[in-house]
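Read through the structure below, which is laid out as structure tokens, and then see the notes.
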Amino acid sequence: DGEPMAFWDAVVGGRSVGTPGLLRMLELAHRDHGKLPWASLFQPAIRLAEEGFAVSPRLHALIAGDRFLKRDPETAAYFHDAAGNPLPVGHLLKNQAYADTLRAVAEGGADAFYQGPIALDIAAKAQGVTDNPGRLGYLDLRGYQAKRRDPLCLPSLQWQVCGMPPPTSGGVAVLQILKLLEPFDLAALAPASPDAIHLVAEAGRLAFADRNRFLADSDFVAVPLEALLDPDYLAARSGLIDPAASMGAASPGLPSDQAHSPAQLNPPSTSHLSVVDAEGNAVSMTASIESAFGSRHMARGFLLNNELTDFSFRPEADGRPVANRVQPGKRPRSSMSPTLVLDRQGRFVMAIGSPGGSRIIGYTAKAIIASLDWNLSMQEAVALPNFVNRNGATDLEEGTSIEAAKAALEALGHEVTVRGMTSGLHGIRLTPGGLDGGAAPRREGVVLTK
């Protein structure tokens, strides 16, 4: 009828399924930087799929709380027992179909996934959902190419901070937040104190105002990256932050023919890992199928994504095109914020990132500030209670000490929401004593050394 679908009506089924990009990206990275044979890299995952892993309390709770997992018989059978109950904590979950898919890719490279029977099955599954069929076709998978993109890097105090450019909005937004806060002496404030939360939240408002207006796939729309990261522009925007009062909803800082992206849900999912090897090479990598269980449909042992619901559901607003509107071949905007921090000589300092939907930006900025400004250990930085502002209410993490800041923030003019915020920050920082790692206690992540 010309009106946007309800969010979950769009997510569940084939309509939301886009071409997976991860394997093509990994293949390109391996071609440029890999040392071990491609096939050998899949063996631990194949073994885990065949031998199984124990269902965690968090996975059990996610299965039990999801009302859509029984829409697809394959998905229903994978996540439930014979009686239809959610798999219990400790259940050994095996996946031979996924092991077979991984073995095919190990032997045949990414072409084994993007061409031939696996790609045909993905497309058939997406198109075959009777109540919400998708439009993903075999040629979409066959023609997919990974793209190298130059990182975005800006000096921040004595550091050099680098993130990813569009189509993710995370790199720009994190860099903006850090630069907007430079004039303020965050190091003099107590970690996660009301005054500190206020300043970070106000910077978040300004960054999200720009994000929602300008950021999208730069192969399809003009994204004013240089202007958004210009030091004079950010200094002027920083001047809008009043330490004594909230500005309320912020406006974008540049003129544009693009309309503001209408607000929509952004489920808190995704995965992140940070790695530093013995030679000093560092990786910060965020990957996603968007929602925790994607489209709730499976093919060949794995969940199909719902990445297309990261596009704006409305192509226009106020008579102007939305930057993140749907277009053929276009990548949807994300909030993924894999970040590397270097010193001014280009030496590694930190790798950091997180899952968490559009709150990823705030989680990542918080951890960088906690580590570099407040000198917390990496574990302390990622475990620090979360606080995020996406140009609306200031969110405080429920069930943590940060709830005590609510009244003080309201006195400064903030609308405050206390809610669960499941970040999954993984970070590594180089210290005088060696590498210091941290994994957010809210998920199953761990710190490992070898």
Under the 7 Å Cα-to-Cβ spin-label approximation, residue 62 and residue 150 lie apart by a distance in nanometres of 3.7 nm
If you wrap a convex hull around the alpha carbons of the range 144-200, what volume per residue comes out, as a whole number of Å³? 95 Å³
What is the diffusion coefficient of the range 3-161 in µm²/s, taking the Kirkwood radius over Cα pairs and the Stokes-Einstein relation at 25 °C with a viscosity of 0.890 mPa s? 132 µm²/s
Given Cα pairs under 8 Å that are at least 6 residues apart, what percent is the relative contact order of the range 275-373? 22 percent
What FRET efficiency comes out for the pair residue 30/residue 76, r = Cβ-Cβ distance, R0 = 35 Å, nearest 0.05? 0.50
Which one, 122, 402, 360, has the greatest fluctuation when you compute a Gaussian network model over the chain with C-alpha springs under 10 angstrom? 402
Length-normalised contact order of the range 139-216 in % [C-alpha pairs under 8 Å, at least 6 apart]: 26 percent
Estimate the FRET efficiency between residue 344 and residue 232 by the formula 1/(1 + (r/R0)^6), using the beta-carbon distance for r and 25 Å for R0, to the nearest 0.05. 0.75
Dimensions (Å) - the range 302-378, Cα atoms, principal axes, largest first: 46, 37, 22
Need the C-alpha centroid separation for the range 422-436 versus the range 211-265, integer Å. 30 Å
Measuring with a 1.4 Å probe in the full set of protein chains, what accessible area per residue, in whole Å², belongs to the chain? 45 Å²
Using the scaling law 2.2 N^0.38 Å as the reference, what is the normalised Cα Rg of the range 97-227? 1.54
For the chain, what is the convex hull volume of the alpha-carbon atoms per residue, in Å³? 151 Å³
Fraction of antiparallel bridges per DSSP, the chain only, in percent to nearest 5: 85 percent
For the range 381-424, the Debye formula with one identical point scatterer on each Cα and no solvent gives log10 I(q)/I(0) at q = 0.34 Å⁻¹ as -1.31
When the chain is modelled as a GNM with alpha-carbon springs shorter than 10 Å, which of 339, 364, 422 fluctuates the most? 422
Cross-link pairs 179/450; 94/330; 330/450; 94/450 - those with Cα-Cα distance over 31 Å: 179/450; 94/330; 330/450
Roughly speaking, what % of Cα-Cα pairs in the range 228-351 are separated by over 17 Å, rounded to a whole number? 74 percent
Rounded to a whole number, what is D in µm²/s for the range 58-142 from Stokes-Einstein with the Kirkwood radius over alpha-carbon pairs (10 °C, 1.306 mPa s)? 107 µm²/s
With +1 on each Lys and Arg Cβ and -1 on each Asp and Glu Cβ, how big is the dipole of the chain about its Cα centre, in debye rounded to the nearest 20? 740 debye
Lys/Arg +1, Asp/Glu -1 at C-beta; the range 1-151 dipole; positive extreme among 4, 106, 137: 106
Could you please state, rounded to a whole Å, how far the C-alpha centre of the range 62-95 is from the C-alpha centre of the range 310-363? 31 Å
Do any trypsin sites (Lys or Arg not before Pro) in the range 266-369 lie in a loop, going by DSSP, with at most 12 other beta-carbon atoms within 10 Å of their beta carbon, and if so which? 344, 347
Counting pairs of alpha carbon atoms under 8 Å apart in space and at least six apart in sequence, what relative contact order in percent does the range 158-272 give? 30 percent
Heavy atoms of residue 307 accessible to a 1.4 Å probe, total area in Å² rounded to 10: 40 Å²
Using alpha carbon positions and the Kirkwood radius, the Rg to Rh ratio of the range 171-265 is 0.99
Among 196, 119, 215, pick out the residue whose Cα is farthest towards the positive end of the charge dipole of the range 99-244, where Lys and Arg carry +1 and Asp and Glu carry -1 on C-beta, about the Cα centre. 119
Rank these by accessible area, largest first, 1.4 Å probe: 142, 148, 443. 148, 142, 443
Comparing 202, 380, 226 in a Gaussian network model of the chain (Cα, 10 Å), the one with the largest mean-square fluctuation is 226
Is the range 282-432 rounded, prolate or oblate when judged by the Cα gyration tensor, a ≥ b ≥ c being the square roots of its eigenvalues, rounded requiring a/c under 1.5 and prolate requiring a/b larger than b/c? oblate
Enumerate the whole-percent occupancy of each 10 Å bin, from 0 to the last occupied one, for all C-alpha pair distances of the range 353-422. 21, 51, 27, 0
Rounded to a whole %, the carbon-and-sulfur portion of the accessible area of the chain at a 1.4 Å probe is 55 percent
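The values are calculated or read from the model by the stated rules, or taken from the named source; none is laboratory data. Just so it is clear, the structure is predicted and the values come from calculations on it, not from any experiment. Every residue, glycine among them, receives a Cβ derived from its backbone with ideal geometry; neighbour counts consider all protein chains shown. Remember, those area values only see protein heavy atoms, side chains included, never the ligands or the DNA or RNA. Shrake-Rupley method; radii C 1.70, N 1.55, O 1.52, S 1.80 Å.
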